[in-house]
1. So which residues in segment 36-50 are outside any strand (DSSP E or B) and either under 12 Å from Ala114 (Cα atoms) or among the small types (Gly, Ala, Ser) (or both), if there are any at all?
2. Inside segment 69-119, can you point out the residues that are aromatic (Phe, Trp, Tyr), over 25 Å from Val40 (Cβ atoms) and open to solvent by less than 20 Å² (accessible area, probe 1.4 Å)?
3. Can you tell which of Leu20, Leu59, Leu53 is part of a loop (DSSP other than H, G, I, E, B) and hydrophobic (A, V, I, L, M, F, W, C)?
4. Would you mind listing the helices (runs of 4 or more DSSP H) fully within segment 102-217 where at least 3 residues are among the charged types (D, E, K, R)?
5. Hey, any hits in segment 145-152 for a residue that's touching a helix residue (DSSP H, G or I) at 6+ places or on another chain (Cβ under 9 Å), crowded, with 19+ Cβ neighbours inside 10 Å and closer than 28 Å to Ile38 by Cα?
6. Can Ala202 be described as open to solvent by less than 30 Å² (accessible area, probe 1.4 Å) and without any contact (Cβ under 8 Å) to a residue 40 or more places away in the chain?
7. Mind listing just one residue for me: the one in segment 170-199 that is closer than 26 Å to Asn92 by Cβ and among the small types (Gly, Ala, Ser) and, of those, surrounded by the most Cβ atoms within 10 Å (Cβ to Cβ)?
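The values are calculated or read from the model by the stated rules, or taken from the named source; none is laboratory data. Predicted model, so just to flag it, every value in this text is computed and none were measured. Ideal geometry is used to build each Cβ from the backbone, glycine not excepted, and the neighbour counts take in all protein chains shown. Remember, those area values only see protein heavy atoms, side chains included, never the ligands or the DNA or RNA. Shrake-Rupley method; radii C 1.70, N 1.55, O 1.52, S 1.80 Å.
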Amino acid sequence: MQYKEKIKAINWLAHNVIQLEIPKPTEFEFNVGDAVEIKVNNQEPGPFTITNLPGEGRLEFVIRVYAEHHGKTEALSRLKPGDEISFTEPFNTFQPQKRAVFLAGGTGVTPFIAIMRYMQKQDTLADCFLFFSNKTRKDLFLEEELTDMLGDHFQNIIANDKDDPDYYGNIDEAWLKNHIDDLSRPVLVCGPPAFNKAMAKALKSIGVKEGLIDLGS
């Protein structure tokens, strides 16, 4: 089934990240970790995760804008309140898991936002960790909320800016080995395809069993 709704609000969370809000259709139901395919104008549809919780009467999306691609994310960033988008029925990407390590590259964090908000309400987030990798500090978003939710269990990793205090470069086996305290924890990984592939390989190399590595569906 296809739905159509008008944009209720659109805000910039970072220089290249937007937060888009639309009303939730009455008959539309979803679970935390779900995504939809969004289509705008004549662009090809693309998958975007719902970042708010069910029962709020709205749908929220956090989207990184790749203006240089002149594609769907740039088209979405040009929308204004009152403009219309279409989207599909929801489908699941990740599910909440206790004691989880969330390993995110860029806007790969978006499937985890609703999950962590939900787990915080359920008092099951305290023993989880979020490792969030971005190219530079200016690419970060929702840092204050993530810090409030996770405290020192939330860690930034800056990949490109050597002058940043959180600079490490690309996450590797050594970094993971030093930061994952228990290899029996489930590890949820989401980012660009190259990030997911590299993280899965590195996690297996440090001893995380394949069955504990969740790359989403």
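1. Selection gives nothing.
2. Phe102
3. Working: Leu20 fails: part of a loop (DSSP other than H, G, I, E, B); Leu59 fails: part of a loop (DSSP other than H, G, I, E, B).
So the residue among Leu20, Leu59, Leu53 that is part of a loop (DSSP other than H, G, I, E, B) and hydrophobic (A, V, I, L, M, F, W, C) is Leu53.
4. 143-150, 193-206
5. yes
6. yes
7. Gly191
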